[in-house]
1. With the condition kept exactly as written, say whether any residue in the stretch 167-177 is buried (at least 21 other Cβ atoms within 10 Å of the Cβ), closer than 28 Å to V354 by Cα and either of a type in the set (V, I, T) or in the same structural domain as I80 (by TED's automatic domain parsing) (or both).
2. Those residues that are exposed (fewer than 13 other Cβ atoms within 10 Å of the Cβ) and closer than 21 Å to H174 by Cα, I need them from the stretch 275-324; list them, please.
3. Report the residue count in the stretch 120-166 for those that are of a type in the set (K, R) and surrounded by 21 or more Cβ atoms within 10 Å (Cβ to Cβ).
4. Of all residues in the stretch 275-310, which are under 20 Å from S165 (Cβ atoms), assigned to a loop (DSSP other than H, G, I, E, B) and touching a residue at least 24 places away in the same chain (Cβ under 8 Å)?
5. Could you list, in sequence order, all residues of the stretch 264-274 that are outside any helix (DSSP H, G or I) and crowded, with 24+ Cβ neighbours inside 10 Å?
6. If E167 passes every condition in (1) acidic (D, E); (2) in contact with a Ser or Thr (Cβ under 7 Å, 6 or more places away or on another chain); (3) more than 25 Å from I288 (Cα to Cα); (4) modelled with pLDDT of 90 or more but one, which one does it miss?
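The values are calculated or read from the model by the stated rules, or taken from the named source; none is laboratory data. Everything numeric here is computed off the predicted structure, so don't read it as measured data. In this analysis, Cβ positions are derived from the backbone assuming ideal geometry, glycine residues included, and neighbour counts consider all displayed protein chains.
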Amino acid sequence: MSCFSCFSSNEKRVGGKRSNNGKKIQSGTQSPKESAQSAQPQPDNLVKAKATPPTEPKTNKEANNNIAAQTFTFRELAAITKNFRQECLIGEGGFGRVYKGRLEKTNQEVAVKQLDRNGLQGNREFLVEVLMLSLLHHPNLVNLIGYCADGDQRLLVYEYMSSGSLEDHLLDLHPRQKPLDWFTRMKIALDAAKGLEYLHDKANPPVIYRDLKSSNILLDKDFNAKLSDFGLAKLGPTGDKSHVSSRVMGTYGYCAPEYQRTGQLTVKSDVYSFGVVLLELITGRRAIDNTRPTRQQNLVSWAYPVFKEPHRYGELADPLLEANYPVRSLHQAVAVAAMCLNEEPSVRPLISDVVTALSFLGTAPGNQDLAGISSPVDMPSPPQDQGTPLNVLDDDFMSALERQKAVAEAIEWGTNSRNKT
């Protein structure tokens, strides 16, 4: 009942392979790679890698052509969510609803996402998410426990993240809700960047997340952050290809401008989305907020003029912080966000360098020795007038021991490079 042959009543059902626990997890003889390729709508298919190396993302577990997630019946998931009662509802979106439950056998708390059969996330996105989260494992990616594909029911079972999403703690807070402090915000930004770094640099071929936003960053009780919702993820370019072509999908306000214009997707598209999230963390504002005055509704457009005037950086700080933040840390966080939001993808930093910069910013309070930013951040410009991108921090350029200090210095250097030229 819960095998992938149930996805369509028009598909021919064939015998399925079984996992180590004996449950049917996949129909036919397709590998996870082949299933993912057929799952993406044409011409938005997964990029074909070279025949010699394996094309599945490398993980710390061997997939062995099986999906490493449990299968559940609809009856089982209905039981643990009390027939999907309102009292168990913990979230809702365009994809459907999320309920809290507890597995009977392991007593583990879980989140059960029930996809709306008429919603935004269809069978193909469901399959992609199951495949991606079964093959990719990292402390900053949400853990997929299992799925259900009984009849026309589509449900995903995740580890339960008790503190909800970043959006719940950052945007439109209740009057009595305590705002996130500065260092918690920087820690969340660092965790999200580490999740992207794993997708971009560790997975082979790289994975482009494509839907990074505050509502997709989940938090546990200690505010450790994990990326969730991989229905829109795509395998990145391989070989000599510079991008993959795709239908423009994602969330308005977070999508990179070149992706919206051309449908050409690269890992730098994720870096732009990360810049928007980082700016949300700094400002406490939504990426798009139609309740604000016209010129302030688009967060990035509102912030761009401030990026050029360092003495105004304090204007970007969330008023709920009540100026309780290190000024140098704020300046460098703004500088990192500005570089991530550059309209020229080639000038945006690699996510690995963003991780290094945020690791520095996330150090203990009062332990920031390097000078803050004191000059304007290099803004988007035509290709012939670009400053040097942050990739000067590659290991070939300097030793690993100097890398952390060099990140902070390079941020300041990069902001001055255009004027020096």
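1. Of the stretch 167-177, the ones buried (at least 21 other Cβ atoms within 10 Å of the Cβ) are 170.
Within this subset, residues satisfying the condition of being closer than 28 Å to V354 by Cα are 170.
After this cut, where a residue has to be either of a type in the set (V, I, T) or in the same structural domain as I80 (by TED's automatic domain parsing) (or both) as well, the list is none.
Within the stretch 167-177 (the criterion being buried (at least 21 other Cβ atoms within 10 Å of the Cβ), closer than 28 Å to V354 by Cα and either of a type in the set (V, I, T) or in the same structural domain as I80 (by TED's automatic domain parsing) (or both)), the answer is no, since none of the residues qualifies.
2. Across the stretch 275-324, the qualifying residues are N290, T291, P319, E322, A323, N324.
3. So the answer is 1.
4. G284, R285, R286, A287
5. We begin by selecting, within the stretch 264-274, every residue outside any helix (DSSP H, G or I); these are 264-266.
Within the stretch 264-274, just L265 meets the criteria.
6. (3)
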